[in-house]
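Colleague: Dropping the structure in here first, questions after.
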C-alpha cells in the first residue's frame, strides 16, 4: 500500500515563504486553507498540510517568526544605541519604506496589515505576535526620544510618548501608502519632511549633521 504524506519534492522552507506571501497579501481571515493547500509547495494534500504545519494558526505563527527574522529586521536600527537617536529613527523609517515597496513580495508591512481586518475569533487569538511586534516598535521609538532628551539633543519639554506617537503613526501609515501603490520615492521624501518635526524641537545650537542612509 502506498504511503500517504508529503511528496518528496516538498520543501518546507519554501512553503513557509509562500504562505507568508499569501497572508501578507490577503490577511489572515481572507487566506483560506484551500488557498494555502493549493499554493504552497506546488500543491499539498490536506493530510500533508496538517502533518507539516499542524493547523492554519500554527502555520501563521511560523510565518510571523520568518517575517520578523527577515523583512522585519528593518526595525533593528531603532534598538542600535550606537546610532544617534534621530538617525536611528530616520534610518528605520527609510529602510521600512524601501522594504515595503520592494517588488519581490507583497507591498506594505505584514505586522501592520496582517490582522487589521481581523473579525474571526481565531484571528483575534493569533493577533498577539503582531500586537507584540507593533508594541516593541513603539517602545523603541520612545526610547530614542528619551535618549535624545537625556543627551541634550531634544528640549526637555518634549513629551516622549507624544513625539514617538507621531513617528509610529507615520510608520504604520507607510503600509497603507505602499499597498495603494505610492512610490518609494514619494514615501522617502515624506520621511525627510517628517524628520523636520524632530528638528523643530531640538536644543538650539550648532546644527547637527545627520548622515542619510538608503538602507
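Quick note: the coordinates plus some simple rules give every number you see, no bench work behind them. Computed from a prediction, not measured in an experiment: that's the story for all the values here. Heads up, the Cβs are rebuilt from the backbone with ideal geometry, glycines too, and the neighbour counts pull from every protein chain shown.
Colleague: Can you give the calculated 222 nm mean residue ellipticity of the chain, where each DSSP H run of n ≥ 4 adds -39,500 (n - 2.57) and the sum is split over every residue, rounded to the nearest 500 deg cm²/dmol?
Modeller: Rounded to the nearest 500, it is -19000 deg cm²/dmol.
Colleague: Another one. So if I take the centroid of the Cα atoms in segment 140-165 and the same for segment 75-90, what is the distance between those two points in Å?
Modeller: Taking the Cα centre of each part, segment 140-165 and segment 75-90 sit 13 Å apart.
Colleague: Quick one: the Cα spread of segment 121-184 along its three principal axes, in angstroms, biggest first?
Modeller: 45, 32, 14 Å, listed from the longest principal axis down.
Colleague: Comparing 187, 89, 141, which has the greatest mean-square fluctuation in the GNM of the chain with Cα pairs linked when under 10 Å apart?
Modeller: 187
Colleague: Right, next: P(r) for segment 12-67: what percent of alpha-carbon pairs falls in each 10 Å bin, starting at zero?
Modeller: Reading the bins upward from 0: 26, 66, 8.
Colleague: Label-point separation (nm) for residue 39 and residue 151, each offset 7 Å from Cα along Cα-to-Cβ?
Modeller: Going from the residue 39 label point to the residue 151 one covers 4.3 nm.
Colleague: Bins of 5 Å, beginning at zero and ending with the bin holding the largest distance: percent of Cα pairs per bin for segment 72-200, please.
Modeller: Bin by bin from 0 Å, the calculated values are 2, 11, 20, 22, 19, 13, 8, 4, 1, 0.
Colleague: Okay, next question. Report, to one decimal in Å, the Kirkwood hydrodynamic radius for the chain based on all distinct Cα pairs.
Modeller: Hydrodynamic radius (Kirkwood, Cα only) of the chain equals 18.9 Å.
Colleague: Oh, and also: Report, largest value first, the span of the C-alpha coordinates of segment 36-116 along each principal axis, in whole Å.
Modeller: Answer, in whole Å and largest first: 52, 24, 22 Å.
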